[in-house]
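Report on one structure; see the data block that follows.
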Amino acid sequence: MHPLVVLHFPDRAVLKPIVYLENLADAWVTRREDNVERYNEAFTDLSALAPGHRESLSMIQTAIKEL
């Protein structure tokens, strides 16, 4: 898994949102609105699928016990 960050700034009139991505070879930044929107949607979808706090904690505790 490589880092994906969507950066939103308080004053959108001055600083538009950007996407920062890393991989094994380099890093990539985009300010293109269509790319930022695409990554925002992907991040929202992943967040909806992710387990909540309690479930995450339970999964981590189970994994530790299995070690």
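Side notes on the structure shown:
- GNM result for the chain, Cα springs below 10 Å: residue of Glu55, Glu41, Glu22 fluctuating most strongly: Glu55
- FRET efficiency, Ile60 to Asp26 (Cβ-Cβ, R0 25 Å, nearest 0.05): 0.20
- Counting only Cβ charges, +1 for Lys and Arg and -1 for Asp and Glu, the dipole size of the chain around its Cα centre is about 140 debye.
- nm² value of the averaged projected area, convex hull over the Cα atoms of the chain: 6.6
- On a per residue basis, the chain carries 88 Å² of accessible surface, using protein heavy atoms and a 1.4 Å probe.
- The portion of the accessible surface of the chain made up by carbon and sulfur, rounded to a whole percent, is 59 (1.4 Å probe; DNA, RNA and ligands excluded).
- Gain upon complete extension [Val5, Glu33; 0.36 nm per residue less C-alpha separation]: 8.6 nm
The values are calculated or read from the model by the stated rules, or taken from the named source; none is laboratory data. All figures in this text were calculated on a predicted structure; none of them were measured in a lab. Quick reminder, even Gly has a Cβ in these numbers, built from the backbone with ideal geometry, and neighbours come from all protein chains shown. When the accessible area is computed, the model is the full protein with side chains, heavy atoms only, and any ligands, DNA or RNA have been set aside. Shrake-Rupley method; radii C 1.70, N 1.55, O 1.52, S 1.80 Å.
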